[in-house]
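Notes to accompany the following structure.
The values are calculated or read from the model by the stated rules, or taken from the named source; none is laboratory data. Please read these numbers as outputs of a predicted model, since none were measured by experiment. Cβ placement follows ideal geometry from the backbone for every residue including glycine, while neighbour counts extend to all protein chains displayed. Calculation scope for accessible area: heavy atoms of the full protein, side chains included, ligands and nucleic acids excluded. Shrake-Rupley method; radii C 1.70, N 1.55, O 1.52, S 1.80 Å.
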Amino acid sequence: MKIDLTKIYKKYKGLWVVLDENLKKVVSSDKNAEKAYKKASEQGYKKPTLFKVPKENLPYFGLIK
């Protein structure tokens, strides 16, 4: 599955972001990971995805095996 995080990066730089189970929608965000996850849980999301949006968009180089 390929996900374009461009809009999320622009809006949520440096924050913890929680996506819904389908990885389609930001359901909460915060500077604190626990607070962001708790907000999503309180909205009824059972298995959200939590990740930190980097402050800078740096290139990544790696090998695909």
Taking first residues from region 40-65 that are closer than 19 Å to Lys7 by Cβ and of a type outside the set (Val, Ile, Thr) and second residues anywhere that are open to solvent by 100 Å² or more (accessible area, probe 1.4 Å) and assigned to a loop (DSSP other than H, G, I, E, B), the pairs with Cβ under 6 Å that are 6 or more apart or on different chains are Lys55/Lys13
Among the residues of region 17-34, count how many are under 17 Å from Ile3 (Cβ atoms) and surrounded by 14 or more Cβ atoms within 10 Å (Cβ to Cβ).
7
Subset of region 35-65 that is part of a helix (DSSP H, G or I) and over 13 Å from the mean Cα position of the chain (by Cα) - its residue that is surrounded by the most Cβ atoms within 10 Å (Cβ to Cβ):
Lys39
Could you list all residues from region 6-16 that are exposed (fewer than 15 other Cβ atoms within 10 Å of the Cβ) and touching a residue at least 24 places away in the same chain (Cβ under 8 Å)?
Lys13, Gly14
When every residue in region 21-30 that is assigned to a loop (DSSP other than H, G, I, E, B) and in contact with a strand residue (DSSP E or B) (Cβ under 7 Å, 6 or more places away or on another chain) is compared, the one modelled with the highest pLDDT is Lys25
